[in-house]
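Presented below is the structure to which this report refers.
Derivation of every value follows stated rules applied to the coordinates shown; laboratory data play no part. In this text the structure is predicted, and so the values were computed from the model without any measurement. All Cβ positions, even for glycine, are placed from backbone atoms using ideal geometry, and neighbour counts span all protein chains on display.
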Amino acid sequence: MRTIVHLSDIHFGRVDAAVVGPLNETINQIAPDVVAVSGDLTQRARSHQFKAARAFLDALPKPQIVVPGNHDVPLHNVLARFAQPLRKYRRYITDDLRPLYYDDEIAVLGVNTARSFTIKGGRINQQQVDWMRDRLCSLDPEVVKIVVTHHPFDIPEGHDERNLVGRARMAMERLASCGADVFLAGHLHISHTTHSARRYKIKGHSALVVQAGTATSERGRGEANSFNVIRIERPNISIERLEWLTERGSFASAEIENFRHTPDGWIRIEKP
């Protein structure tokens, strides 16, 4: 079995300080095999915010798959936004914009969807998909293949379609042929899990599309701070959401969803 902790939208520069310590302690107690952070490490891409995010990451278990979000690109410094949009991210967080971890049970890949020419939106391009295919298509079919981005491949009903990552359909169709199993993202500060088949309808393929809420930001958009714990033992995956309880000053399990792999892809296992 493999365990992945999935964090997103930690937004140093606008965090609830009461959450940070207990979050760190809880994740270390879980002792995951991989920590995946799906972007927006800072609020406004300032040096002190990246330094705080770096200190936070340093206190978490390794290995880590970390990708930037749109908030990690400078907003007000126009020159830096277009000339060196991820200079501080590369300096303080990681110079690797294509992080990869794999073993005999899982493969976790991260790609950057943040772009200079949009304020909130994101995009994935052909070259990034080619790189992912080169790595995923050659793996054993039994390895669970996981893609980490900031911008999501699907969104909850009622949300703006512009929040989808640009060129999502192209990427999903090409990655489906490699058996991509799980897509982790953030961006909306809302927890959500769905099947790719709901939107993309690719024959014989149904990946899990998993969104994490904000782990530490003050901007919860109606949800408590939370993160996901994903436990993988093929053909089964469970996704547990741990939620911040202010009155207790700790994180606690709020929901567990279970899925099983079938010839048509991943399906939800309903409670009896």
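Assorted remarks:
- Charging the Cβ of each Asp and Glu at -1 and of each Lys and Arg at +1, and nothing else, the dipole of region 129-195 about its Cα centre rounds to 200 debye.
- Compactness of region 132-272 is given as radius of gyration and Dmax, 15.4, 49 Å, from Cα positions.
- Averaging the Cα positions of each part gives two centres, and for region 195-272 and region 1-48 these lie 17 Å apart.
- The listed peptides 102-110, 144-152, ordered by packing as a protection proxy, come out as 144-152, 102-110 (highest mean of other Cβ atoms within 10 Å first).
- When peptides 233-242, 174-183 are sorted by average Cβ neighbour count within 10 Å, with the highest value leading, the order is 174-183, 233-242.
- Counting 0.36 nm for each residue step from Arg169 to Asn236 and taking away their Cα separation leaves a gain of 21.5 nm.
- Gyration tensor over the Cα atoms of the chain: the corresponding equivalent ellipsoid has semi-axes (square roots of 5 times the eigenvalues, largest first) of 26, 23, 17 Å.
- Spin-label model, Arg87/Lys201: points 7 Å from Cα along the beta carbon direction are separated by 4.8 nm.
- Fully extended contour minus Cα-Cα distance, from Ser250 to Gln29, at 0.36 nm per residue: 78.3 nm
- Contact order relative to length of the chain, as percent, for alpha carbon pairs under 8 angstrom and 6 or more apart: 20
- FRET efficiency estimate (nearest 0.05) - Cβ-Cβ, Asn125 to Ser177, R0 30 angstrom: 0.95
- Lysine pair count for region 2-268 [Cα-Cα under 22 Å; pairs on different chains or 8 or more apart]: 7
- Taking the DSSP bridge list for the chain and keeping only pairs wholly inside it, about 60 percent are antiparallel.
- Applying both filters, DSSP loop and at most 11 other Cβ atoms within 10 Å, to the GluC sites (Glu not before Pro) of region 120-205 gives Glu142, Glu157.
- Rough spin-label spacing in nm, given labels placed 7 Å along Cα→Cβ, for Glu223 and Arg133: 3.2
- Principal axis extents of the C-alpha atoms in region 96-138 (largest first, rounded to whole Å): 39, 16, 15.
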